[in-house]
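Below: the structure, in structure tokens.
The values are calculated or read from the model by the stated rules, or taken from the named source; none is laboratory data. These numbers come from a predicted model, not from an experiment. Glycine also receives a Cβ, built like all others from the backbone with ideal geometry; neighbour counts cover every protein chain displayed.
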Amino acid sequence: MILGIESSCDETAAAVVADGVEVRSNVVASQLDIHGRWGGVVPELASREHLRAIVPVVRDALAQAGVGGRSLSAIAVTEGPGLVGSLLVGITYAKALSLAWGVPLLGVNHIEGHIHAVVMEHREQLQFPALALVVSGGHTHMFAVTEGFVYRLLGRTRDDAAGEAFDKVAKLLGFGYPGGPVIDRLAPYGNPKAVRFTTPNMKGNTLDFSFSGIKTAVLRWTQARTMEEEIAARRALLRETPHPTVEQWRAVTPQATLDLLASFQRAVVKDLLGRATEAARAMGAKSLIVSGGVACNSGLRAAAGAFYLPAFFPRGELSTDNAVMIAAAGFPKLARQEFADFSLRAKANLRLV
Ligand code: KG4
Ligand code: ZN
């Protein structure tokens, strides 16, 4: 029985998972509404919100699971990568609980957590070696994963993460933050072939990604048009209703902009799966794991259905940041007795390999 704690970015989360697979509780306090007003995550505000939320969130997770702290097998906490001030809140609280309850501590890499969100649910069907594509607001990485969870980095973004590209494009067009979910919901109303984007040619490792070019292409597209009015209308809508419906968005979004969104999403999905195909062939993968916030994207899920290998995604609420995946990733570490001690630190740039 592992208590997972996650506070690397803008969600304070705690969960109890039994035997590495059975979810006993999953509590997430999101700060989206706080950061949404600023068009992105504000680190200082995030730390303060984690401080406010961490105690009730952990208490809730234990209460819903019906377990007392002292009967836990371990406490697994995200040690990085992420915002240092945010990570520190989860790590410090986890250390305090570990000391008070006499329960061992496990340090978990957030990216490994995202991979385990899929592993925990599909352990039986997953064939190894697997290719893991981790796509979120902070990361775009491809790893070769063995059955014993040894990782090899195959490629990563050289600039923006895929989710970051969704967020920046949405912000530029007045759709608020986070951008992925809005673009995903509006893309079906546009023509995905209306605007052509070129896939970047990567020098050196061709399995690396780059999303800054497509972001600039979108910027140029907007500069070639007069868009002030429609952008102002969307910003006004956001001030009135923090969570507009698709119909409300469509009322302030001309067809040309819907076409742009559809084309942008198609281009990102094509790039992700194109390089994933190349990587999977090169390593001789037997299955594909897709995880991280962008794994929610319906265009990506639909396109992955046609991937040449079986593709596995986490269920919806385990795609974005949560503590279930941290507890699940802690399970093999518990089995190997890879405990952390009180010198565990927050590591902003922690790498998986
Ligand atoms: O994994 P996550 O919750 O946090 C990080 O570790 O970054 O991912 C958040 C990211 C944001 O960039 C958000 O725009 C993106 O995931 N995202 C999506 C969708 N839902 C969330 N991107 C595309 N389509 C979606 N449906
Ligand atoms: Zn994440």
With the condition being crowded, with 21+ Cβ neighbours inside 10 Å and within 16 Å of ligand 1 (Cβ to nearest atom), I'd like the helices (runs of 4 or more DSSP H) fully within the range 241-353 carrying at least 2 qualifying residues.
255-283, 298-304, 324-335
Could you say whether any residue in the range 178-191 is among the charged types (D, E, K, R), within 12 Å of ligand 1 (Cβ to nearest atom) and surrounded by 15 or more Cβ atoms within 10 Å (Cβ to Cβ)?
yes
Could you please let me know if residue 88 is modelled with pLDDT of 95 or more and either among the β-branched types (Val, Ile, Thr) or surrounded by fewer than 24 Cβ atoms within 10 Å (Cβ to Cβ) (or both)?
yes
Here is a check on your reading of the model: is residue 170 in the same structural domain as residue 228 (by TED's automatic domain parsing) and away from ligand 2 (no atom under 16 Å from the Cβ)?
yes
List, please: which pairs have Cβ atoms under 7 Å, are six or more places apart or on different chains, and start with a residue in the range 37-51 that is touching a residue at least 24 places away in the same chain (Cβ under 8 Å) and end with one that is surrounded by fewer than 16 Cβ atoms within 10 Å (Cβ to Cβ)?
39/171; 49/34
If residue 1 passes every condition in (1) of a type outside the set (Asp, Glu); (2) surrounded by fewer than 22 Cβ atoms within 10 Å (Cβ to Cβ); (3) within 22 Å of the chain's Cα centre (by Cα); (4) within 25 Å of residue 316 (Cβ to Cβ) but one, which one does it miss?
(3)
State all residues of the range 184-205 that are β-branched (Val, Ile, Thr) and in contact with a helix residue (DSSP H, G or I) (Cβ under 7 Å, 6 or more places away or on another chain); if no residue qualifies, say none.
195, 199
Filter result for residue 294 (within 15 Å of ligand 2 (Cβ to nearest atom) and either at pLDDT 95 or above or touching a Lys or Arg at 6+ places or on another chain (Cβ under 6 Å) (or both))
yes
For the range 119-174, enumerate the residues that are over 26 Å from residue 265 (Cβ atoms) and charged (D, E, K, R).
123, 124, 147, 152
Which condition number does residue 225 fail, the rest of (1) in contact (Cβ under 8 Å) with a residue 12 or more places away in the chain; (2) closer than 25 Å to residue 294 by Cβ being met?
(2)
Subset of the range 1-55 (residues that are in a strand (DSSP E or B), of a type outside the set (A, V, I, L, M) and within 18 Å of residue 78 (Cα to Cα)):
4, 6, 11, 12, 25, 26, 30
Could you grab me the full set of residues in the range 137-161 that are within 12 Å of ligand 2 (Cβ to nearest atom) and at pLDDT 95 or above?
140, 141, 161
Restricted to the range 140-177, and to residues that are of a type in the set (Val, Ile, Thr) and crowded, with 18+ Cβ neighbours inside 10 Å, which residue is nearest to residue 118 (Cα to Cα)?
145
Go through 263, 287 for me and flag whichever is closer than 18 Å to residue 207 by Cβ, of a type in the set (S, T, N, Q) and modelled with pLDDT of 95 or more.
287
The one condition residue 229 fails out of (1) within 16 Å of ligand 2 (Cβ to nearest atom); (2) assigned to a helix (DSSP H, G or I) is (1)
Among what's in the range 57-103 and is aliphatic (A, V, I, L, M) and part of a strand (DSSP E or B), pick the residue that is nearest to residue 5 (Cα to Cα).
77
Being of a type in the set (Gly, Ala, Ser) and within 13 Å of the chain's Cα centre (by Cα) is the filter; apply it to the range 304-325 and report the residue that is nearest to ligand 2 (Cβ to nearest atom).
319
Can you tell me which residues in the range 110-133 are touching a strand residue (DSSP E or B) at 6+ places or on another chain (Cβ under 7 Å), of a type outside the set (A, V, I, L, M) and within 16 Å of ligand 2 (Cβ to nearest atom)?
110, 113, 114
